[in-house]
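Participant: What follows is a structure written as structure tokens; I'll ask about it next.
The values are calculated or read from the model by the stated rules, or taken from the named source; none is laboratory data. Quick caveat: nothing in here was measured; it's all calculated off a predicted structure. Cβ placement follows ideal geometry from the backbone for every residue including glycine, while neighbour counts extend to all protein chains displayed. The area values use the complete protein model at the heavy-atom level, side chains included, leaving out ligands, DNA and RNA. Shrake-Rupley method; radii C 1.70, N 1.55, O 1.52, S 1.80 Å.
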Amino acid sequence: MNRDFSSPDSRASGYRARAHAKVNLHLGVGDARADGYHELATVFQSLELHDDVRLSLTGEEIDLAVDGWEERLIESLAVTGPYAAGVPTDSGNLVWRATVNIAKRLRAERGLDAVPQVAFELRKGIPAAGGMAGGSADAAAALLLADAAFGPTSLGQPVLYEEANWLGSDIAFTLRGGTALGTGRGEQLTPMLARGTFHWAIITSNEGLSTPAVFQKVDELRAAGKGQPPHLDTAAVSQALTSGDAEHLAAVLHNDMQPAALTLRPDLRKTLAAGKAAGALAGIVSGSGPTCALLCADAAEAAEVAAQVSTELPGTRGIPTSGPARGAHLVDEAN
Ligand code: C5P
């Protein structure tokens, strides 16, 4: 089955999506499994902080029966914005793989034998390699965009979640958004009740941390008897979320990866201390780091803490934001 992509009214010339960052309010890391992943008990919350992803149609058609179509499907992948540095613009970007996988799925399930060639523009508002799932969020957005641009009709949520899980552990959450418990390798999600809005000062670092390296350091510290035992009980965070009280949440924020991230990057201790001194209620390393998330009493405090800490610590930037927010979603082109 095929559509006429050259016909002016056959479809829009482009699609836009918004891809939100996440913070882990609780990150419990269990033992490494046989497949190399760690069993997690984590509480994700999405943040207003986001990337904008645009897909445009080049007007060319890609024949899925001709070898090498995977390389031609995406004409270009431009990355802009404050956190563009170091983000791959080739097939190393998860956006590329997400798009190819949607085309494969449409060929297998809908018998499509051609799709339009696309170009992507990613505007990075989320710090890259920072422990905030920016790459995962972009991939979630790409799944939605490719599904909208290629399919005669959507592949549907169950298929998109399946594709998300093939691509990475955090992608299902960035697709869903809100607040959720993540188990398994983080991809098995249960929505959680969360009242109110929480305000954060996000402090970036000018050098990223590799997620696998931090997981490996967690294992090493534990093997040497220096690490914390896995903290897989999320009940305290769940109660704090139900209360909607920031001070309550501040008292129970927890990250099993934090000692490992601080071993690899001792300078992050200064960020956390500067946050507390500037008036944040509490601070944690976000996911595998090196971004730190400082929980604040309200929006004004978050703006103040972000400005003060980033001024004090060279090489950092401060971003005030809040959560929960939505998962990745398509945005009207006119907006
Ligand atoms: O799933 P994703 O590709 O995002 O994971 C990146 C890496 O992080 C994995 O290859 C693995 O080394 C590590 N990881 C892990 N346990 C998890 C999630 C990720 O060890 N639950």
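Participant: Round to the nearest 10 and report in Å² the accessible area of Trp69, as given by a 1.4 Å probe over the protein chains' heavy atoms.
Facilitator: About 10 Å², rounded to the nearest 10.
Participant: Over the alpha-carbon set of segment 152-247, work out the extent along each principal axis and list the three values in angstrom, largest first.
Facilitator: 54, 34, 31
Participant: Let me ask something else about it. Under a crude label model (7 Å from the Cα following the beta-carbon direction), how far is Ala299 from Ala224 in nanometres?
Facilitator: About 4.5 nm, to one decimal.
Participant: Placing unit charges on C-beta atoms (Lys and Arg positive, Asp and Glu negative, everything else neutral), compute the dipole magnitude of segment 201-335 about its Cα centre in debye, rounded to 20.
Facilitator: Computed charge dipole of segment 201-335: roughly 480 debye.
Participant: Say we join alpha carbon atoms closer than 10 Å with springs in a Gaussian network model of the chain; which of Glu121, Glu220, Glu48 then has the biggest fluctuation?
Facilitator: It is Glu220.
Participant: Using a 1.4 angstrom probe on the protein heavy atoms only, line up His38, His231 by accessible area, largest first.
Facilitator: Accessible-area ranking of His38, His231, largest first: His231, His38.
Participant: Here is a follow-up. Enter the accessible area of Leu189 (Å², nearest 10), with the probe set to 1.4 Å and all protein chains included.
Facilitator: 40 Å²
Participant: Roll a 1.4 Å probe over the protein chains and send me the accessible area per residue for segment 240-304 in Å².
Facilitator: 35 Å²
Participant: What relative contact order, as a whole-number percentage, does segment 9-80 give when Cα pairs under 8 Å and 6 or more residues apart are counted?
Facilitator: Taking the mean separation of contacting Cα pairs over the length of segment 9-80, I get 32 percent.
Participant: Under 5 Å between amide hydrogens, which residues at least 5 positions from Glu61 or on another chain qualify, with H placed 1.01 Å from N in the peptide plane?
Facilitator: Those qualifying (amide H under 5 Å, at least 5 residues apart or on another chain) are Gln117.
Participant: For the chain, with only Lys/Arg (+1) and Asp/Glu (-1) charged at the beta-carbon, what is the dipole magnitude about the Cα centre, in debye rounded to 20?
Facilitator: Its charge dipole is roughly 640 debye.
Participant: Using a probe of 1.4 angstrom, how much of the accessible area of segment 94-240 is carbon and sulfur, in percent?
Facilitator: Looking at segment 94-240 in its full context, I get 50 percent from C and S.
Participant: Which distance in nm do the two modelled labels at Thr80 and Arg33 give, with both placed 7 Å along the Cα-to-Cβ direction?
Facilitator: According to this spin-label approximation, the distance is 4.0 nm.
Participant: With a 1.4 Å probe and all protein chains kept in place, how do Ser46, Ser169 rank by accessible area, largest first? Walk me through the numbers on the way to the answer.
Facilitator: On the way: Ser46 5, Ser169 25 Å².
I get Ser169, Ser46, largest accessible area first.
Participant: What relative contact order, as a whole-number percentage, does segment 147-249 give when Cα pairs under 8 Å and 6 or more residues apart are counted?
Facilitator: Once normalised by length, the contact order is 19 percent.
Participant: Let's test the formula: R0 of 22 Å, r as the Cβ-Cβ distance of Ala277 and Asn206. What FRET efficiency results, to the nearest 0.05?
Facilitator: 0.55
Participant: Run the 1.4 Å probe and let me know the accessible area of Glu207, rounded to the nearest 10 Å².
Facilitator: About 120 Å², ignoring ligands and nucleic acids.
Participant: What residue among Leu73, Ala108, Val95 has its Cα farthest toward the positive end of the dipole of segment 1-127, where the charges are +1 on Lys, Arg and -1 on Asp, Glu, each on the Cβ?
Facilitator: Value computed over the given set: Val95.
Participant: Something else about it: With every protein chain kept in the model, how would you rank Lys276, Lys226, Lys217 by accessible area, 1.4 Å probe, largest at the top?
Facilitator: Lys226, Lys276, Lys217
Participant: So, with +1 on the Cβ of K and R and -1 on the Cβ of D and E, and no other charges, what is the size of the charge dipole of segment 86-157 about its Cα centre, to the nearest 20 debye?
Facilitator: Using only the charged Cβ atoms, the result is roughly 80 debye.
Participant: Another question, if that's okay. Amide H to amide H, which residues 5 or more places from Leu77 or on other chains are under 5 Å from it, using H placed in the peptide plane?
Facilitator: Residues meeting the amide H criterion: Phe120.
Participant: Let me ask something else about it. Among Pro259, Pro82, Pro320, which one shows the highest mean-square fluctuation when the chain is modelled as a Gaussian network with alpha-carbon springs under 10 Å?
Facilitator: Checking each option, the largest mean-square fluctuation is seen for Pro82.
Participant: Could you work out the helix-only [θ] at 222 nm for the chain, with each DSSP H run of four or more residues adding -39,500 (n - 2.57) and the total divided by the number of residues, to the nearest 500 deg cm²/dmol? Spell out each step's value before the answer.
Facilitator: On the way: 11 runs with 116 residues, N = 335.
-10500 deg cm²/dmol, from helical runs alone.
Participant: How large is the accessible surface per residue of segment 19-171, computed with a 1.4 Å probe and reported in Å² as a whole number? Intermediate values should be presented prior to the final figure.
Facilitator: Working: 5490 Å² over 153 residues.
Dividing the accessible area of segment 19-171 by its residue count gives 36 Å².
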